[in-house]
Every structure is written in structure tokens, then in C-alpha cells.
Amino acid sequence: MEDESSEKRNQARLKVLELANMISVPMSLNAVVRLGVPDAIWQSGSNSPLSASQILTRVLPSSSSSAASADPDNLQRLLRTLTSYGVFSEHISGEIRKYSLTDVGKTLVTDSDGLSYAPYVLQHHQDALMRAWSLLHEAVVDPTTEPFAKANGEPAYKYYGKMPEMNGLMQRAMSGVSVPFMKAILNGYDGFEGVRRLVDVGGSAGDCLRMILQKYPNVTEAINFDLPEVVARAPHVPGVTHVGGDMFKLIPEADAIFMKWILTTWTDDECQAIMESCCKAVPGGGKLIACEPVLPKETDDSHRTRALLSGDIFVMTIYRAKGKHRTEDEYRKLGLAAGFPHFQAFYIDYFHTVLEFTK
């Protein structure tokens, strides 16, 4: 064993302590979102640095019973931790610490459409999901059942369907993530040109179709295809027809099929079956446009790779023990097996890649 006082050993011990305590980071993020801290600091764009005490006066009404007992020191501890991960900027004057939002923190601010990444954070840390994490090792020991199902007695999608509040939070989370992503790909990808009839598989509330229709008037028929219990709660979107069904059995016919973050939550066999349904639904020259996280071939310590790999573990824990993020080559092979001879990948967004499969 090396000298424990050496720089190398000190750094190694420090790193493992950081990793062991890493749960403090997402749970601190969850806490400040639940408290409404990002919106309190943002205040219609002012983003003025505020102390923990000042933030508390904005998030807790003075008339509430919790206002008198709220602890600014404990809030400051959360803010300092998240500052070290780039969510807040710290401003120190004498003994006073104040905090403003970084670009990362601004993603948690509710916009004019009522959207942000905040519901995505909250969705990840619900009790049913948290129960699954302690069983993560079971995905290695017994990959036939994902940890979520072992912890909660049934798969996540079925569980959500019985819980209106969870399902609603999921829809808000997907909308908050989808809108900025769709803005990015609509600025950098032109694959919807010439498409008349478009089906969004797993389209949830229909936000993606709404944005596609705004840019591409050539799309005259738009179908939001999802589980019956999902589309039953979907809001009215002009020009969009909500259709419930099972993507493994039959997908409505279209010139192009669109899906986002669908394939990654299923096993290779299930993924191929979904893609085969898509292939049957489009004519020759038709295409499947799938937006999925795509893993790099080699592993590194970049933020992008870490985000993709940690998302992969989330899929393994919550949705399918053998569902996964895949490499570009793995998607190409799945497309060929499903009947799509042509494939292109467009790297526009840092997390989701646009995968175009043409029949």
C-alpha cells in the first residue's frame, strides 16, 4: 500500500468520500425545487443575489406556521452545496452570503408557459422511485425484474397509470424537458420537410407535435399516440388528434413516425419489436425519427458522458433492468433488423441524438 500521506492517496480518499455522499447533491436539488427557490431568486428576470433569509421571506408567506420556525442556516447549507455544482453563484460581502442563479439554475425557473426542468427533478425523487434505488444491486443479481417493480410490486408505467398525481407530474416533467430540446432540434434538423401525416409515439401531452406543426405547415395530419390513460388526460392541441393504443401491436399509418426517449426504456428485443411496428406503419421512403440518448463508444469523465451514463442507470433501475442507453452502432443494427436499411445520426442536442431510420 502507498504512503497514506501522499497526494495520490489523499486525492483517492477524497474522491471516494465525495462519491459515497453524492446522494446529498440530487436531494439538495430536490429540496430547493420543492421550496421554490429558483423562482424566488429569478423574480421576473431580476436574478438579484439574495441571502438565505431573504429567500425564505419569498418562499414562505409570513402568515404561514412554518415561516417562524424556518431555518435560513440550513437553507444556506443547501445553497452552498449546489453552488459547488454550478447551480447557484455565491456573492460574499463581509459575513453575508447571497446567491443568484447560474445558467444551470435558470433551467429550474418557471417560464411564461409554466414549464421548467423543476418537475423533472421532482419526478426523479418521488417515494416510489426512491424505494427502488436501494435494490439497484438486484439488477445485477436478477435482471429479469427491474428494481422499481421489486420495490413497488409492478412496473413503473403500470404503477404511474394508477396514480393520477404521479402521471401528471410525469407529463409536466416531459413537457419541461421536451420544449427546449425541440427548439434545439427544430433549429438544426429539417427531416420533417415533406411529411404530411406524422405520428408521435409516446407523445404524452402533445407538446412536441405542437411545436413541429408551428414550423412545418406541410404536416396536415398529426397524431399523438400514447397509452389510453395518458391521452385521456392530454390537453387539446390545435391540429393534433390524440389516439390511445399499444405501440407493440399497431401504430397508426404515417409518412413519418416521431418518438422521443422511448426506445431507451426497453430491452433490445422489445426495442426491435417497436421499430418493426414503426416500419409497418410507414411506406417505402417513410422514416422513423427517434430522439434518444446515445452513448459514446469510449468512456470519459466529461459532463456529457456522465449525464448519459447516469441516465442509463436510471433506466436500469426504474424502467427495465435490460433497458438501456445505446451506442450509435447498436441503434444502426436494431434499425436494420427491424427493416430500416438506411440510418443517419444528427448530434444537435448534447443529451438526445436525432436518429433517422429510413425504409
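The values are calculated or read from the model by the stated rules, or taken from the named source; none is laboratory data. It should be emphasised that the depicted structure is a prediction, and the values quoted were computed from it without experimental measurement. Cβ atoms come from the backbone with ideal geometry, glycine included; neighbour counts cover every protein chain shown.
What the table below lists for this structure:
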| quantity | calculated |
| --- | --- |
| A205, sole failed condition from (1) crowded, with 20+ Cβ neighbours inside 10 Å; (2) of a type in the set (A, V, I, L, M, F, W, C); (3) part of a helix (DSSP H, G or I) | (3) |
| Hits in the stretch 258-294 - residues which are touching a strand residue (DSSP E or B) at 6+ places or on another chain (Cβ under 7 Å) and part of a helix (DSSP H, G or I) | L263, T264, M275, C278, A281 |
| Considering residues of the stretch 29-56 that are part of a helix (DSSP H, G or I) and more than 25 Å from the chain's Cα centre (by Cα) only, the residue nearest to L78 (Cα to Cα) | A52 |
| Number of the exception - V179 against (1) at pLDDT 90 or above; (2) closer than 19 Å to P293 by Cβ; (3) surrounded by fewer than 20 Cβ atoms within 10 Å (Cβ to Cβ) | (1) |
| Some residue of the stretch 135-143 being out of contact with any Phe, Trp or Tyr (no Cβ under 7 Å at 6 or more places or on another chain), among the charged types (D, E, K, R) and either part of a helix (DSSP H, G or I) or buried (at least 18 other Cβ atoms within 10 Å of the Cβ) (or both) | yes |
| Any hit, the stretch 108-128, residues being at pLDDT 95 or above, assigned to a loop (DSSP other than H, G, I, E, B), among the aliphatic types (A, V, I, L, M) and touching a Phe, Trp or Tyr at 6+ places or on another chain (Cβ under 8 Å) | yes |
| Residues of the stretch 290-314 classified as farther than 22 Å from F346 by Cβ and either crowded, with 19+ Cβ neighbours inside 10 Å or touching a Ser or Thr at 6+ places or on another chain (Cβ under 8 Å) (or both), total | 1 |
| Flag for M247 being aliphatic (A, V, I, L, M), in contact (Cβ under 8 Å) with a residue 24 or more places away in the chain, touching a Ser or Thr at 6+ places or on another chain (Cβ under 9 Å) and farther than 22 Å from I318 by Cβ | no |
| Count of residues meeting criterion [aromatic (F, W, Y) and more than 23 Å from the chain's Cα centre (by Cα)] in the stretch 208-241 | 1 |
| T299 closer than 20 Å to A184 by Cβ, outside any strand (DSSP E or B), at pLDDT 95 or above and among the polar types (S, T, N, Q) | no |
| Matching entry among L213, L135, L209 (being touching an Asp or Glu at 6+ places or on another chain (Cβ under 7 Å) and not assigned by TED's automatic domain parsing to the domain that holds P26) | L209 |
